[in-house]
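Everything on this sheet refers to the single structure shown next.
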Amino acid sequence: MAPKESPNQKRDYKSSLFVNMFGRNVNAKEHFLSLYNAIHDTNFKIGEVEIKPVTLENVVYNNIENDVSMEINDSIVVLAEHQSTINNNMPFRCLEYLVAHYNRFFTDNDKYNTKEIKLPRPECYVFYNGDDAFPQEKIMRLSDAFKKIKRTTSLKDLPESLSLDLSVKIYNINKEANHPILQKCEALLAYSNFTEYARIGKRNGEKNPPKYALNMCRQGNLLTEYFNNLSKEEQSMIFGEWDQEKFIEVQKKIAAEDRSIANAKNFLLETDLPPEKIARCCSLPLEQVFALKEELEQQKAQVVL
């Protein structure tokens, strides 16, 4: 069954170069497939596999900003860039995103149908290009956040395997990390070079480091057709009037709101505090707390059924 269409799939955030290159540009599917091939050591060509963009709109998921999601080969592939400190809650954020997408495959009646509904296999990848020291690659698992249970006589039959887990593979695409995937995907290498040029421009006092990086990429020999053919509208969406300090501030606010959402969910699950007080404690809009409460209640109802 195909997923239900969202009534309004337009996102309200300004596109990043990553999102444009792999998710929105006229050649985005080619770039995405090139990256997919690099990850899986395959050699698919456009036309050999169907690639369908995935977009979601929900108050709970608005902070998953710099991502690209596509359905391909019976999988949903989530690609995200990360330009600030790695968020250790990334597996949980991806889980929320995937559940929202999977819900689109079900009508209200489908949930009571005994016939199994097939779902696309999830694949989640993060491409890190921040300034913090980070290994060449790393796998984060949802189970890393699970509380450790001490085995007692009454829990002797606790299964070794987990009932739920989700892994997210993180690639460090900074130049100094020298990850082999960069040599397998020209688009990803071009994006890595762009971010490196932007850093150089910032260090050298350029007024607009991304535009400096764009000019440097145009002078190079990687993905020159893409950089040369960016429309004025695309350049405005991607670069605008760049303020690096403002960008960092926004990234910190996003991380803080992620923590606030996680805290609000804990309050809703483990206390009897009213939504009004939770909203004040977590610095969240009251309507967002109500949305989180409704989401958790729906999840509980599904478990009961």
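The values are calculated or read from the model by the stated rules, or taken from the named source; none is laboratory data. Just so it is clear, the structure is predicted and the values come from calculations on it, not from any experiment. Cβ placement follows ideal geometry from the backbone for every residue including glycine, while neighbour counts extend to all protein chains displayed. We work out accessible area using only protein heavy atoms, side chains counted, and drop any ligands, DNA or RNA first. Shrake-Rupley method; radii C 1.70, N 1.55, O 1.52, S 1.80 Å.
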Gained length - LYS253 relative to ARG203, 0.36 nm times residue gap less alpha-carbon distance:
15.6 nm
Please list ASP272, ASP165 from largest to smallest accessible area, probe radius 1.4 Å, with all protein chains kept in place.
ASP272, ASP165
Calculate, for GLN219 and GLU50, the FRET efficiency according to 1/(1 + (r/R0)^6) with r their C-beta to C-beta distance and R0 30 Å; round to the nearest 0.05.
0.25
Accessible surface, 1.4 Å probe, highest first, among residues LEU95, LEU17:
LEU95, LEU17
Label zone at GLU186, where the point sits 7 Å out along the Cα-to-Cβ direction: region 212-233 residues whose backbone N lies under 11 Å
221-226
From the cross-link list LYS138/LYS252; LYS29/LYS175; LYS118/LYS148; LYS175/LYS252, the entries with a Cα-Cα span beyond 27 Å are LYS118/LYS148
